[in-house]
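Here's the structure we're looking at; comments come further down.
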Amino acid sequence: MGEVNLEDVTKRYEDVTAVDKMNLEIRDGEFVCLVGPSGCGKSTTMEMIAGLTIPTEGTIYIGGHEVTNLPPKDRGVAMVFQNIALFPHMDVYDNISFGLRLRKYDKEEIDRRVERASDIVQLEGMLDRMPDEMSGGQRQRVAIARAIVRNPEVFLMDEPLANLDAKLRVHMRTELQRLHKELDTTIIYVTHDQAEAMTMSDRIAVIDSGQLQQIDPPLVCYNEPANLFVAGFIGSPAMNFVDGELTENGFRNEKVEVDFDPADVGATAGDDVTLGIRPEDVYTLNDAGSLANPTKEIEAVTDVLEPMGDEIFVYLLLSEDATVDLDEESRGGMTDQLLMSVDPDSDISEEQDVNVVLDRTKVHLFDTETGKAISHGLTATAPSGADGSTAAESDD
Amino acid sequence: MATDNQQGAFETNRDAEIKRGPLETWVGKVIKNPKRAYRSMFYVATVFFLVTTLFPFYWLLVLALTPNNLISNMGLLPKGFNPGVFVTMFERVPFHLYMFNSFVLGLTTTVIVLLLASLAGYVFGRLRFPGRTFLMLAILAISYFPPAAFFLPLFQLFTGGTNLVLGPITVSSPDLFNTPAPMVLPFSALFMPLSIFILTTFYGQIPDGLEDAARVEGTTRLGALFRVIIPLSAPGVATAGVLTFISVYNEFFFSFLMNNGEASSWAPIVAGILKYQGQFDTPYNLMAAASIVGVLPVAILVIVAQERIVSGLTAGALKE
């Protein structure tokens, strides 16, 4: 019914390729989020599914039918827009019933459906208001009612919560999830807010530079990112990346050493690799007791503390003359700093020498050149000839 | 110290020596406060425009109220009071029929112009395509051509004087003289550019999201134009409509030449006013009265639509 398939869909404008050979399979009843930074092609992808933009190449199927060149009205989709896009010259009832009236439904059927739709989004008693007499959240609910009233096969939502204030956004997020359970319709949801994507979707499609990077359930994207981009994009604050080289004994750079056998992760020594570790998987020596298999100690100096209430983010400098690189775009190049998340009760202060370890099972390895993931998590026990044997050697 | 005192005394003396006349005083104040100059210029200009635009109407009223046999060596006041002229004018010439013709011509042209200019405005305002600027400029250029340049060929065409030879068949252009068509068609073409410009600006300001929403909800592009974009651009459409109507109503050239001047031949008020001219007399009072009556509808239209026109020409911005 509501499955959506994109096959090699490409959209080129005069000088840019907005979407590049996108292949996407979305199942019936699935809630899929398209996420990515601004200008990555996620909105263009959605517009092509809606029919507002015609792809340069490729084929789009909705519910098994090819719709590539059909006008939007014949595709059985409904859309909620970022700027809400209620018709300002119509009251709520007329806005919701717009599509039904165009399709010449009879009056009673329209009344019945509008009532049901407005019940679902809790708009009772507001049907004769004009859009400019309503709050942002109410308007957004009208827009959603306008979309659901036609029982579409597919819902398209283009950053519908982006223009709402933070509190309302969280509220509407749960409302949308409830709605999805109630209607059981395919929902394709575009957002650049990865918190929305993580909390709501069945699967996340991460898009960058017009290309699909990964489409997987949220936790898979979080725990097993397919490449450096996904690793850096999903998760807030972002994953730490440390550039280095793969030797026969494992990962090496000036400050960070992680021992393992390259063969275990299917790599060869000598490759340039990037090590990724999430802030919550970096531990101070005090907290490391619970770790079954910590890595070697890394010497660091704390720089800035960011107490969040439930945790403290600690910026660690790995060498004395290092400075904090505030440019978020420079992913994969930060060899001199690490972000660590610690317990709020931790006794830690700024400019303090601290030795940290990483959780071996949570270490990600990426090929620096291609960005592709090599492995997620190293073997739970240190392989012989690595950490353990180092200790044994010193015993000798 | 002493020099300071001397200096002070010297200055006071010099101030007292300068005596200024009223104009110099005013100039002095203006130099200190330039706003005064702008304000006086505004008043001068306003008075000038009021006199030049309103005085002719006053003069028409003076002429209309003066009995025709007394119209000579007129002063600023009517010689006599003859309101009956406003009844006589309808008895002498079926002026109401001429006005009806003017209305029909004006409304038909307005409808045609709004319809076509809406389509053009949509394309120019909302779509990007190569050659858009060039086409806009071409329309602008054509709107500056003198209408007289079109007249002879159009007259030939509309009076059946143009033959199209298609092999053995020769098709003559239809004789449309004394019908509304030879006036409405040139009017539409001449007044279209202005409306296209107004509507382009308005349609271009409607957020894309609204059109997209309408199209997803089930309209075609045209449907979105008529159901969403035009209703939201109401001030602009009203402005374009009123301006077109007034232009047609005021038009002289084609109105005068494309018919034989009879009310039954769709001649507008221009011909009606001239119709009072008899072989042996020239009833200036009736002509003046007819002119006043002819102006009234437009004056009323402007007053009624004023708010719309002003908001249409100035603001027109829409929130979402």
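In region B:142-166, which residue that is surrounded by 12 or more Cβ atoms within 10 Å (Cβ to Cβ) and of a type in the set (Gly, Ala, Ser) is nearest to the chain's Cα centre (by Cα)? Residue satisfying both the conditions and the ranking: B:SER143. Within region B:215-226, the set of residues being crowded, with 20+ Cβ neighbours inside 10 Å and facing chain A (nearest Cβ under 8 Å) comprises B:ARG215, B:VAL216, B:GLU217, B:GLY218, B:THR219. At least 1 residues being open to solvent by less than 90 Å² (accessible area, probe 1.4 Å), among the acidic types (Asp, Glu) and closer than 23 Å to B:ILE269 by Cβ is the threshold, and among the helices (runs of 4 or more DSSP H) wholly inside region B:11-121 not one reaches it. Note on region A:84-100: residues that are of a type outside the set (A, V, I, L, M), at the interface with another protein chain (Cβ under 8 Å from one of its Cβ atoms) and open to solvent by less than 10 Å² (accessible area, probe 1.4 Å) amount to 3. Based on this model, can you work out whether A:LYS73 counts as within 14 Å of chain B (Cβ to nearest Cβ) and of a type in the set (D, E, K, R)? So A:LYS73 fits the description; yes.
Scan region A:172-211 for residues that are hydrophobic (A, V, I, L, M, F, W, C) and either over 25 Å from A:SER118 (Cα atoms) or outside the structural domain of A:PRO152 (by TED's automatic domain parsing) (or both) and jot them down. Give the steps one after another, and end with the answer.
Of all residues in region A:172-211, those hydrophobic (A, V, I, L, M, F, W, C) come to A:172, A:176, A:179, A:183, A:187-188, A:190, A:195, A:197-198, A:200, A:204-207.
Once the filter is applied, which keeps residues that are hydrophobic (A, V, I, L, M, F, W, C) and either over 25 Å from A:SER118 (Cα atoms) or outside the structural domain of A:PRO152 (by TED's automatic domain parsing) (or both), region A:172-211 yields A:ALA195, A:ALA197, A:MET198, A:ILE204, A:ALA205, A:VAL206, A:ILE207.
Across region A:18-35, a minimum of one residue is classified as among the aromatic types (Phe, Trp, Tyr) and closer than 27 Å to A:GLY235 by Cα.
Do we find a residue being at the interface with another protein chain (Cβ under 9 Å from one of its Cβ atoms) and modelled with pLDDT of 90 or more anywhere in region A:53-63? Looking for residues that are at the interface with another protein chain (Cβ under 9 Å from one of its Cβ atoms) and modelled with pLDDT of 90 or more, one finds none in region A:53-63, hence no.
This table checks each residue for (1) assigned to a loop (DSSP other than H, G, I, E, B); (2) in contact (Cβ under 8 Å) with a residue 40 or more places away in the chain; (3) more than 29 Å from A:LEU219 (Cβ to Cβ); (4) assigned by TED's automatic domain parsing to the domain that holds A:ARG169.
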| residue | (1), (2), (3), (4) |
| --- | --- |
| A:ASP20 | no, yes, no, yes |
| A:PRO37 | yes, yes, no, yes |
| A:THR45 | no, yes, no, yes |
| A:LYS73 | no, no, yes, yes |
| A:ASN83 | yes, yes, yes, yes |
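Please go through region A:139-174 and pick out each residue that is of a type in the set (Gly, Ala, Ser) and within 11 Å of chain B (Cβ to nearest Cβ). A:ALA143, A:ALA147 - these are the residues of region A:139-174 that are of a type in the set (Gly, Ala, Ser) and within 11 Å of chain B (Cβ to nearest Cβ).
If you go through region A:53-83 and keep only what is surrounded by 22 or more Cβ atoms within 10 Å (Cβ to Cβ), under 19 Å from A:ILE187 (Cα atoms) and within 26 Å of the chain's Cα centre (by Cα), you end up with A:ILE60, A:ILE62, A:VAL77, A:ALA78, A:MET79, A:VAL80, A:PHE81.
Evaluate the following for A:ILE49: is it within 14 Å of another protein chain (Cβ to nearest Cβ), part of a loop (DSSP other than H, G, I, E, B), within 28 Å of the chain's Cα centre (by Cα) and β-branched (Val, Ile, Thr)? Even if it seems obvious, please write down each step before you answer.
Details: within 14 Å of another protein chain (Cβ to nearest Cβ): yes; part of a loop (DSSP other than H, G, I, E, B): no; within 28 Å of the chain's Cα centre (by Cα): yes; β-branched (Val, Ile, Thr): yes.
Here the answer is no, as A:ILE49 does not meet what is asked.
The values are calculated or read from the model by the stated rules, or taken from the named source; none is laboratory data. This one's a predicted model, so the numbers in the text were calculated from it and none came from an experiment. So basically every Cβ, Gly included, is an ideal-geometry build from the backbone, and we count neighbours across all protein chains shown. Quick note on the areas: whole protein, heavy atoms, side chains included, nothing else; ligands and nucleic acids left out. Shrake-Rupley method; radii C 1.70, N 1.55, O 1.52, S 1.80 Å.
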